[in-house]
Amino acid sequence: MAQLFVESEKIERARTLAAQVAGGVQSMIERHTTVAIERTVLRLLGVSGAGPRGAPLCNLIVDRLLEKGLLQRGAAYWLGRALKSGATDPLAAIERLLHTPAASAPLSPEEDAAIYELMRTETRSAIDDLKRRIVERRALKESLKVGSSPDAPWKYVIVATGNIYDDIDQAIAAADQGADVIAVIRSTAQSLLDYVPHGATTEGFGGTFATQENFRIMREALDKASARLGRYVHLTNYSSGLCMPEIAFMAAYERLDMLLNDAMYGILFRDINMRRTFIDQYFSRRICAFAGIIINTGEDNYITTADADEAAHTVIASQLINEAFAKNAGLPHSLIGFGHSFEIDPSREDTLLREFAMAMLVRRLFPDSPCKYMPPTKHKEGDIFFSHAYDILADLVGITTRQGIQLLGMMTEAMHNPFLMDRYVALRGADYIYKAARHLGDEIVFKDDGIVARRQREVFDKALALLEEAAADGMVAAIGKGRFGDVKRREDGGKGLAGVVERATNYFNPFLEILEKGTA
């Protein structure tokens with residue numbers, strides 16, 4: 001039933017404009033690195049422990065190189081130089097790096113070439129280990145059934161206790177009840193930390209800290225559950241904020257399946273500097289492409305800060321821009337999960353028809369992508385019976401238009417962190433709707449001059465106009481005018497700008513060299 005009422009010429013024009021918008025930013029991306037990217041390179045090369053008071057060793061090294069004005073050459077170069085100068089292992093190299101003088105004497109071309117060769121060899125070895133883990137995840141998934149309902153969206157539910165071990169109990173219960181995807185919600189404001197906490201965590205507010213050890217623990221638990229159920233249970237977390245590429249690498253290494261990863265979310269909703277965000281998202285998406293991790297974009301957030309009916313076109317425009325950024329980073333359509341949601345004010349008439357229009361438009365614009373459809377949250381209230389009915393309508397839209405991933409709403413969304421029973425009710429309701437409306441989309445057709453068709457054309461025409469403006473003025477200007485989510489940001493504002501570094505002409509990043517060659 002995913003009908004499309006927009007002319008193909010307009011869609012082609014919109015994609016051309018979106019590519020121009022992303023291309024204008026790409027040239028800036030390719031001239032810069034960030035502290036997060038350089039920390040990611042060190043993590044790949046085995047610098048993953050913590051130092052005094054729990055500070056990650058990669059942070060200590062990169063901060064020191066930044067302070068001395070050396071980071072523009074690339075952390076891998078300085079690590080290689082330390083190893084070549086007599087350090088016998090990574091810890092000894094770290095000690096040397098922390099005491100590297102700012103005015104280090106340049107080496108001969110032959111000495112530099114030897115460092116490059118050493119670090120490329122080390123990087124290839126580390127990449128082989130990463131590939132092995134990626135293949136291990138893929139093999140497990142291929143050996144099991146994928147999806148609890150055939151030809152229906154994957155049922156995606158959240159856990160968010162703050163304690164990774166309590167999260168496991170809730171995740172296993174949800175998997176037993178039919179969940180296909182478990183999302184471990186990240187602790188509130190972790191995206192603003194310019195480091196990744198170390199080790200397993202048992203305290204968090206609004207969620208659980210995203211750490212490599214927490215990833216490992218949850219993946220191990222879900223692997224056991226998948227084997228017992230004979231059905232693969234996907235795991236997702238957040239690769240956003242000031243540590244996008246680091247978290248992407250940790251997720252790849254610990255065999256996660258999905259990551260929330262958006263080109264603009266951090267800029268708009270966490271006030272992270274736009275240069276920092278654009279540069280980091282590129283590197284993080286290169287990792288996701290290499291590892292076969294599905295990204296979920298965040299356009300659903302735009303219509304929580306702006307009116308969903310009036311701002312629907314910003315969702316479409318942003319999805320097309322996100323697509324262009326993702327293509328620049330080597331992501332195929334099969335790994336781009338475009339986010340959208342049912343957030344229209346329920347007091348209005350014909351909201352279901354207007355939502356069908358949007359859901360069908362997104363589904364047809366990105367036919368080869370696992371579009372992620374979100375339930376209503378903005379207009380939820382304490383009446384759990386209304387709340388559940390509201391969520392069920394979102395399930396109906398999802399199955400009828402064949403979305404790829406369905407985030408199930410909780411009836412207590414407006415009240416507290418979901419209980420086990422809340423998740424059970426959501427899963428049971430989705431199962432019923434998936435059965436009851438299995439072939440509804442095959443049986444009904446909307447009129448060419450009806451509410452649905454007119455809504456699609458109206459939204460797309462506005463999206464096209466927004467893309468024309470963004471292509472003419474640039475992405476920075478569009479964000480500065482508050483065109484997305486009614487949120488205005490400046491190019492030199494926000495958090496993390498001090499962590500952006502212009503690359504030297506002899507910048508060296510052996511990890512990026514491999515990532516830009518293709519996927520694993």
query = How big is D for the chain, in µm² s⁻¹ as a whole number, if Stokes-Einstein is applied with the Kirkwood radius of its Cα pairs at 20 °C and 1.002 mPa s?
reply = 90
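When the accessible area of region 99-156 is split by element with a 1.4 Å probe, what percent falls to carbon and sulfur?
Of the solvent-accessible surface of region 99-156, carbon and sulfur hold 55 percent.
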key: Rounded to the nearest 20 debye, dipole of region 227-384 from Cβ charges on Lys, Arg, Asp, Glu   = 780
key: Rounded to 10°, Cα long-axis angle of helix 420-436 versus longest principal axis of the chain   = 60
request  = Compute the Cα gyration tensor for region 364-457, then decide on rounded, prolate or oblate, letting a ≥ b ≥ c be the square roots of its eigenvalues: rounded whenever a/c is under 1.5, prolate when a/b is larger than b/c in the other cases, and oblate in all that remain.
outcome  = prolate
key: Crossing angle, helix 109-142 versus the chain [Cα axis fit, 0-90 degrees, rounded to tens]   = 30
query = So if R0 is 51 Å, what FRET efficiency would His333 and Arg96 give, r being the distance between their Cβ atoms, rounded to the nearest 0.05?
reply = 0.65
remark   = Heavy-atom accessible area per residue of the chain, all protein chains kept, 1.4 Å probe, expressed in Å², is 38
ask   = When Lys and Arg each count +1 and Asp and Glu each count -1, what net charge do the other residues less than 11 Å away from Asp112, Cβ to Cβ, add up to?
value = 0
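Ignoring ligands, DNA and RNA, what percent of the accessible area of region 333-463 is carbon or sulfur (1.4 Å)?
That share works out to 57 percent.
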note = Here the Kirkwood hydrodynamic radius of region 408-500, Cα-based and in Å, equals 18.3
task = Using only Cα atoms, tell me the angle between helix 451-473 and the longest principal axis of the chain; keep it within 0 to 90° and round to the nearest 10.
result = 30
Kirkwood Rh and Cα Rg combined as Rg/Rh, region 255-304 = 0.99
inquiry  = Within 13 Å, Cβ to Cβ, of Leu467, how many net charges do the neighbouring residues add up to if Lys/Arg are +1 and Asp/Glu are -1?
reply    = -1
query = Which of Met475, Ile514, Leu427 sits closest to the plus end of the dipole of region 379-520, meaning its Cα is farthest towards the positive end, when Lys and Arg get +1 and Asp and Glu get -1 on the C-beta?
reply = Ile514
request  = Would you tally the net charge around Gln406, using a Cβ to Cβ cut-off of less than 12 Å, leaving Gln406 out, and scoring K and R as +1, D and E as -1?
outcome  = -1
note = Between the alpha carbon centres of region 412-448 and region 16-93 the gap in Å comes to 45
message = In the chain, if the dipole is taken from +1 on Lys/Arg beta carbons and -1 on Asp/Glu beta carbons about the Cα centre, which of His340, Val35, Gln3 is farthest to the positive end?
response = Val35
request  = Show me 376-388, 316-328 ranked by packing, highest mean number of other Cβ atoms within 10 Å first.
outcome  = 316-328, 376-388
request  = Could you pull out the pairs from Lys10/Lys481; Lys155/Lys327; Lys10/Lys155 whose alpha carbons sit more than 29 Å apart here?
outcome  = Lys10/Lys155
ask   = Which value, in Å³ per residue, describes the convex hull spanned by the Cα atoms of region 7-115?
value = 157
request  = Could you rank Asp492, Asp280 by how accessible they are, 1.4 Å probe, largest area first?
outcome  = Asp492, Asp280
message = Considering only protein heavy atoms and a probe of 1.4 Å, how much of the accessible area of region 1-91 is carbon and sulfur, as a whole percent?
response = 51
request  = Using a 10 Å cut-off on Cβ atoms, rank the peptides 494-506, 339-351, 261-273 from the highest mean neighbour count down.
outcome  = 261-273, 339-351, 494-506
ask   = Which three lengths, in whole Å and largest first, does region 50-200 cover when its Cα atoms are put on their principal axes?
value = 62, 34, 24
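For every helix of n ≥ 4 consecutive DSSP H residues, a contribution of -39,500 (n - 2.57) applies; sum these over the chain, divide by its total residues, and give [θ] at 222 nm rounded to the nearest 500 deg cm²/dmol.
So the calculated ellipticity at 222 nm is -16500 deg cm²/dmol.
The values are calculated or read from the model by the stated rules, or taken from the named source; none is laboratory data. Values in this document were obtained by computation on a predicted structure and should not be read as measured data. Neighbour counts are summed over all protein chains in view; Cβ atoms, including those assigned to glycine, are modelled from backbone coordinates with ideal geometry. Protein only, heavy atoms only, side chains kept; ligands, DNA and RNA dropped before computing areas. Shrake-Rupley method; radii C 1.70, N 1.55, O 1.52, S 1.80 Å.
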